Structure formats: C-alpha cells, structure tokens
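A.B. asks: This is the structure, below, for whatever I ask next.
Only the coordinates and a few stated rules stand behind these numbers; no lab work does. Just so we're clear, the structure is a prediction, and the values are computed from it rather than from any experiment. Here Cβ is always computed from backbone atoms with ideal geometry, including for glycine, and neighbour counts include all displayed protein chains.
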Amino acid sequence: MGSVLLKNIAVEEVASNILIEQGRISNVVPADVDVAVSDDAEVVDCTGKAALPGLVNMHTHAGMSMMRGLGEDVSFHEWIDRIWQVESKIDEEYVYHATKVACLEMIKTGTTTFNDHYWHMPMGHKAAIELGLRPVLAYVILDHNDPQEAERQKVQCQEMYQEAMNWADKSQFVIAIHAIYSVSEPLMLWAVDFARERGLKIHIHLSETRKEIEDCKAQHGGLSPVEYLDSLGVLGDDVIAAHTLWLSENDIRILGERHVTCVHNVNSNLKLASGYKFLYTELRDAGANICLGTDGCASSNNLDMFETIKTSAMIQKAWRDDPSVMTLAELKDMATVNAGKALGQNIGTIEEGAEADILIIDTENYNFLSPGSFLANMIYSAHSDCVESVICKGKFIMRQRVVPGEKEIIAEARKVLKKIL
Ligand SMILES: [Zn+2]
C-alpha cells in the first residue's frame with residue numbers, strides 16, 4: 001500500500017505535515033519540519049486546507065437510503081408500521097444498492113465509519129468495502145415474540161458470524177437487538193450471550209419514545225426500559241444505545257455506572273416528535289459515553305453528520321436556555337473520538353498510530369473567512385460540501401468531491417427502487 005504525505009494542512013489550527021503509511025497515520029509534524037517519504041509516496045499540497053478526523057455515524061440504517069419521505073407527518077408508531085411494510089418487500093439486491101447510495105452520501109458528507117443496524121448484512125459489507133469505507137455491521141435480532149422466528153435468527157446469526165470471519169477485508173461485526181418491544185426476552189438474552197462470548201459490541205434502540213417507557217412499565221412490574229435491561233444484566237460498556245431520550249434520574253445513574261454509549265439522533269427524534277430533551281450533560285456527568293448518529297433516511301432523510309452536529313448543539317442550547325452547553329470541542333469528540341472508544345477502534349483522532357481516516361476541508365471560501373476558530377466556522381458556518389477530499393484506511397475515496405462510480409451507483413440503485421413500490 002502506497003504512502004501519502006499531506007503537506008501544509010491545518011491540524012487543530014497548526015500548519016502540519018501528515019504522513020500516512022500502511023493505512024495508518026505514521027507521523028504528524030509542524031509544516032516546516034521535513035518528513036522523509038518513499039519514492040513512490042504521493043505528496044499532496046494541502047495549503048488552504050484543514051484536516052479533521054473522518055466522522056463516525058454511530059447509529060444508522062444504511063439500507064433505508066431510498067426510503068426518504070415515505071412516512072412524513074405521522075406518529076412514530078404509525079411511521080414504524082409503514083416502514084416495516086415497506087421493508088417486507090426488500091431483498092439482498094435491494095439492500096446492496098441502497099447501501100451503496102448511503103455510502104456515497106456518507107463519503108460526500110464526511111463520514112468514514114458508520115455503525116449500521118440493518119438486514120442482509122453481507123450486502124452492507126460488500127457495498128461499504130467497495131466504496132472504501134470502514135463499516136460496523138450488525139446481525140439484527142428482531143423476532144416480534146415469534147418463537148419460530150427466534151430459532152431461525154439464532155441459526156442465521158451463527159452462520160453469518162462464521163461467514164464474516166472469513167471475509168478478506170473485515171468489517172467490525174456487532175449484534176443489534178432491535179428494541180425491547182420487538183425482541184422477546186429469551187432471544188435478547190441469547191443474543192447478549194452470543195455477543196459477550198465473542199467480544200462483540202451490542203447495538204440497541206433504547207428509551208426512544210414515551211410509549212416505550214409506558215408499555216415497558218406496564219409489562220415489567222414498573223421497571224423503565226433501562227431498569228429492565230439492567231435487571232437482565234444487559235447493560236455494560238459494550239452496549240451502544242441509540243436515542244436514550246426518555247430517562248429518569250435512576251436511568252441516568254445506571255447508564256453512567258455501566259458506561260453505556262448513548263447515541264443522540266437529534267434529527268430523527270425531532271421529526272418523529274419523539275422528544276428533544278436529550279439529557280446530554282446529565283449522562284456525560286454520570287459517566288456515559290456520548291456519540292452522535294443520523295438514524296436512517298426513513299426518519300432523518302439524510303446521513304449528513306455535520307447537520308447532526310449543528311442541530312444537536314442548537315437544540316441542546318435552546319431547551320436548556322444555556323448557550324454554554326455542548327461546546328465545540330465536545331461536539332467534535334462526540335462525532336469522532338468518543339465513537340472510536342465505543343467501538344474499540346483507534347479512529348477519530350489525527351495522531352501517530354491512529355487509523356488514517358481523514359477529511360480534507362477546503363477553508364478557502366467565505367465560511368472560513370473570519371478570525372473565528374476553525375471548529376466554530378466548520379460547525380456553525382460551513383456545510384458538508386466543504387469536505388473536499390476523504391481518506392479512509394489510508395486511501396483517497398473522494399478527491400475534489402469526486403467519488404469514483406457515482407453516476408453508476410445512482411443508476412443501478414434506481415433500477416431496484418421498484419421493489420419497494
Ligand atoms: Zn434507528
């Protein structure tokens with residue numbers, strides 16, 4: 001694998017040279033320090049550019065990229081019923097093309113790793129690897145309390161895990177438990193054991209709506225979803241919980257003590273009117289690890305993490321009546337290094353030894369024409385179209401906003417759209 005030298009690029013406002021070798025960042029030095037490179041190294045002059053770690057979308061459903069606008073202006077439960085109807089029509093071919101569309105959008109908007117929660121996982125893997133991304137893919141557990149379906153999924157999960165172990169270009173394999181209201185308790189416990197025996201992360205939708213809380217309390221002796229999962233021994237630092245929107249003080253204490261990763265999906269929550277008071281400060285102070293996600297395109301309509309970052313901050317500041325919450329540095333961490341910590345991967349930072357997932361940001365435009373800090377201008381002024389080039393696993397996967405094969409990806413995907421009509 002060839003090496004790449006990014007010359008004179010701003011890293012946290014310091015003009016720097018970044019050397020990438022064997023897919024990793026091997027050196028970061030001030031721009032006036034020479035870096036020895038091999039003869040075949042690609043040297044890229046990045047004057048006028050800034051580097052950011054590739055963003056990590058910690059909760060999404062990539063295969064829903066062609067379900068935008070299918071459930072607008074209806075309640076969460078009406079929406080999910082509609083989506084499940086649509087999803088009953090999809091197959092492997094559909095998911096492959098839909099995931100390619102999602103990957104294309106993620107690259108264009110600066111995401112290099114996504115924590116996916118979708119069907120037909122081998123297709124998600126194939127699509128993401130073809131486009132050069134770093135996917136985290138799940139076998140999804142969802143039995144709707146049907147014992148036969150539970151048995152089928154147990155067998156399929158084991159088979160898929162075996163298959164994934166043999167993939168040449170490995171994706172991180174995780175276990176996704178859809179939610180407490182859609183997965184039976186025995187299957188959920190089986191899935192947790194399966195994951196822990198193999199050191200796999202567990203990805204679950206948790207405390208997303210008020211109805212989920214009410215139904216759980218009615219069914220489980222007054223326990224909230226967080227208390228219920230904790231009573232079963234499910235919660236731990238290997239759990240990535242999407243939403244965690246409706247929480248009591250005791251729930252926050254539990255999530256903190258168990259060092260659960262809580263993923264805020266602001267746009268999805270806002271549009272489905274699930275809620276907007278994500279208890280960021282309380283969860284952080286209690287010890288939870290906080291990350292950001294877009295959720296799937298059926299609810300958030302796009303996969304743009306820069307939009308997610310900005311909206312998360314705006315809503316948090318507004319409902320708390322406190323502009324000092326969710327600082328620029330915290331926003332950046334939530335979209336990068338906190339995710340690396342949750343996934344157990346050395347991603348989300350630009351430093352020696354880290355995986356080389358780097359965004360090259362064009363700062364020679366009006367969004368950055370101010371003495372304001374780079375992060376302030378990037379998060380509040382610019383949009384994802386300032387992402388000029390993207391490096392993932394040490395390779396350019398977008399240059400000057402061109403992703404190889406973009407037109408073909410769209411054209412091929414259009415052909416399978418009819419499957420969900
Ligand atoms: Zn979701």
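A.B. asks: What length, rounded to one decimal in nm, is gained on full extension from residue 185 through to residue 248, with 0.36 nm per residue of separation minus their alpha-carbon distance?
C.D. replies: 20.4 nm
A.B. asks: Quick one: helix 121-131 against the long Cα principal axis of the chain, what's the angle to the nearest 10°, folded into 0 to 90?
C.D. replies: Tilt relative to the chain: about 10 degrees.
A.B. asks: For residue 154, go through the lysines and keep the ones whose alpha-carbon is under 24 Å away, minus same-chain ones fewer than eight residues off.
C.D. replies: 89, 126, 170, 201
A.B. asks: How much length is gained if the chain between residue 42 and residue 276 is pulled fully straight, taking 0.36 nm per residue apart and subtracting their Cα-Cα distance, in nm to one decimal?
C.D. replies: Values: separation 234, 0.36 × 234 = 84.24 nm, distance 4.60 nm.
Length gained, residue 42 through residue 276: 79.6 nm.
A.B. asks: I've got another one for you. Any idea which of 323, 77, 181 is furthest toward the positive side of the dipole for the chain, if Lys and Arg beta-carbons carry +1 and Asp and Glu beta-carbons -1?
C.D. replies: 77
A.B. asks: So what's the angle, to the nearest 10 degrees on a 0 to 90 scale, between helix 406-416 and the longest Cα principal axis of the chain?
C.D. replies: That works out to roughly 20 degrees.
A.B. asks: Taking 10 °C and 1.306 mPa s as the conditions, I'd like the Stokes-Einstein D for the range 144-274 in µm²/s, using the Kirkwood hydrodynamic radius from alpha carbon pairs.
C.D. replies: Rounded to a whole number, D works out at 102 µm²/s.
A.B. asks: Beyond 24 Å, what share of the Cα-Cα pairs of the range 33-140 remains, rounded to the nearest whole percent?
C.D. replies: Value for the range 33-140: 40 percent of Cα pairs lie more than 24 Å apart.
A.B. asks: Which order do 106, 64, 398 fall in if you start with the one that has the fewest other Cβ atoms within 10 Å?
C.D. replies: Fewest-to-most Cβ neighbours within 10 Å comes out as 398, 64, 106.
A.B. asks: Follow-up. Looking at the square roots a ≥ b ≥ c of the eigenvalues of the Cα gyration tensor of the range 248-359, which shape do they give, rounded for a/c under 1.5, prolate if a/b is larger than b/c, or oblate?
C.D. replies: Oblate.
A.B. asks: Can you give me the angle between helix 147-165 and the longest principal axis of the chain, using Cα atoms only, in degrees from 0 to 90, rounded to the nearest 10?
C.D. replies: It is inclined by approximately 20 degrees.
A.B. asks: The range 142-182: which trypsin sites (Lys or Arg not before Pro) are DSSP loop and have at most 16 other beta-carbon atoms within 10 angstrom?
C.D. replies: For trypsin sites (Lys or Arg not before Pro) across the range 142-182 that sit outside H, G, I, E and B with at most 16 neighbouring Cβ atoms in 10 Å, the list reads 170.
A.B. asks: So which lysines can residue 211 reach, going by Cα to Cα under 22 Å and dropping same-chain residues fewer than 8 places off?
C.D. replies: Of all the lysines, those that pass the test against residue 211 - Cα under 22 Å, at least 8 places apart if same chain - are 271, 277.
A.B. asks: Run the count for the range 291-421, please: Lys pairs, Cα-Cα under 18 angstrom, 8 or more apart or on different chains.
C.D. replies: Number of lysine pairs found: 5.
A.B. asks: Do the sum for the chain: with -39,500 (n - 2.57) for every DSSP H run of n ≥ 4, divided by all residues, what is the mean residue ellipticity at 222 nm, to the nearest 500 deg cm²/dmol?
C.D. replies: Calculated mean residue ellipticity at 222 nm is -11000 deg cm²/dmol.
A.B. asks: Rounded to a whole number, what is D in µm²/s for the chain from Stokes-Einstein with the Kirkwood radius over alpha-carbon pairs (10 °C, 1.306 mPa s)?
C.D. replies: 72
A.B. asks: Can you tell me the relative contact order of the range 25-184? Whole percent, Cα pairs under 8 Å, sequence separation 6 or more.
C.D. replies: 21
A.B. asks: Relative contact order, percent, of the chain when contacts are C-alpha pairs under 8 Å separated by at least 6 residues?
C.D. replies: After rounding, I find 21 percent.
A.B. asks: Please compute the length gained on full extension between residue 365 and residue 214, using 0.36 nm multiplied by the number of residues separating them and subtracting their Cα-Cα distance.
C.D. replies: Full extension from residue 365 to residue 214 adds 49.4 nm.
A.B. asks: Normalised by the residues of the range 215-322, what does the relative contact order come to in percent, with Cα pairs under 8 Å and at least six apart?
C.D. replies: Values: 154 pairs, mean separation 24.1, N = 108.
22 percent.
A.B. asks: Sort 76-84, 123-131, 232-240 for me by packing, meaning the mean count of neighbouring Cβ atoms within 10 Å per residue, highest on top. Before the final figure, lay out the partial values.
C.D. replies: Values: 76-84: 15.8, 123-131: 22.3, 232-240: 19.7.
My ranking of the peptides, most packed first, is 123-131, 232-240, 76-84.
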